[in-house]
Amino acid sequence: MTKLMEYLLEPQTVVVFDIDGVLAVYEFGDLSHSACPDEDWEDYVRTHDPYASSRSVPQIQRFIKDKGIDHVWACSQASDVEAPGKRAFVTRCYELAPSHVVTVAQKAEKVGFLRQLARKLEIPERRVAIVEDTVKTLDLIGQETDCVTVHVSSFFDYGM
């Protein structure tokens, strides 16, 4: 097990997962990652629930089971239309409490959420880890906070 995984599993570390491309396999289209162009996504979600058939990631499910759900959150950018489907997916597939599934309007708002979580839990930012698939978001969080930044690829061989 890597030093990073050992740190993430320590009881005093909380782990926050992005949803799209991290907790939810990003396969929304037919033989494609996307069901529609980005600009049409919200209209698509109004008539479809892409998260109803989304697949979870077994390695991350194992990690969360090992970590314990009380020390795990999900935080994802989502519109008001998209948020209920994301929340239902995470609570169904990862058994997180609805209060541990947070949505923000813009990715940059994740910085504020992570800081607020550290304050609420009365832990140093260094004990909050964010797992993302978007390097730009990880870079922003790394520049703006002292949180641990983790690319989802770190979980590819977890539990194997």
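The values are calculated or read from the model by the stated rules, or taken from the named source; none is laboratory data. All of these numbers come straight from a predicted model, not from anything done at the bench. Cβ coordinates were reconstructed from backbone atoms using ideal geometry, including for glycine residues, and neighbour counts include every protein chain displayed. Note: accessible area is taken over every heavy atom of the protein model, side chains too, but ligands, DNA and RNA are not part of it. Shrake-Rupley method; radii C 1.70, N 1.55, O 1.52, S 1.80 Å.
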Per the list (1) at pLDDT 85 or above; (2) in a loop (DSSP other than H, G, I, E, B), residue check on Cys75 breaks on (2)
The one condition in (1) more than 14 Å from Asp20 (Cβ to Cβ); (2) open to solvent by less than 10 Å² (accessible area, probe 1.4 Å) that Lys120 fails to fulfil = (2)
Please give the number of the condition Gly112 fails out of (1) farther than 26 Å from Gly159 by Cβ; (2) part of a helix (DSSP H, G or I); (3) in contact (Cβ under 8 Å) with a residue 24 or more places away in the chain.
-> (3)
Taking region 93-107, which residues are of a type outside the set (Ser, Thr, Tyr), farther than 11 Å from Cys75 by Cα and not in a loop (DSSP other than H, G, I, E, B)?
-> Cys93, Pro98
Among the residues of region 78-119, how many are closer than 15 Å to Pro50 by Cα and of a type outside the set (Ser, Thr, Tyr)?
-> 14
Please identify the pairs in which a residue from region 49-68 that is farther than 21 Å from Glu10 by Cα has its Cβ atom under 9 Å from the Cβ atom of a residue that is part of a loop (DSSP other than H, G, I, E, B) and open to solvent by 80 Å² or more (accessible area, probe 1.4 Å), counting only partners at least 6 apart or on another chain.
-> Ser54/Tyr26; Ser54/Glu27; Arg55/Glu27
Please list, ordered by first then second residue, the pairs with beta carbon atoms under 8 Å, 6 or more apart or interchain, first in region 128-153 and within 17 Å of Gln59 (Cα to Cα) and in a loop (DSSP other than H, G, I, E, B), second charged (D, E, K, R) and open to solvent by 20 Å² or more (accessible area, probe 1.4 Å).
-> Asp133/Asp20
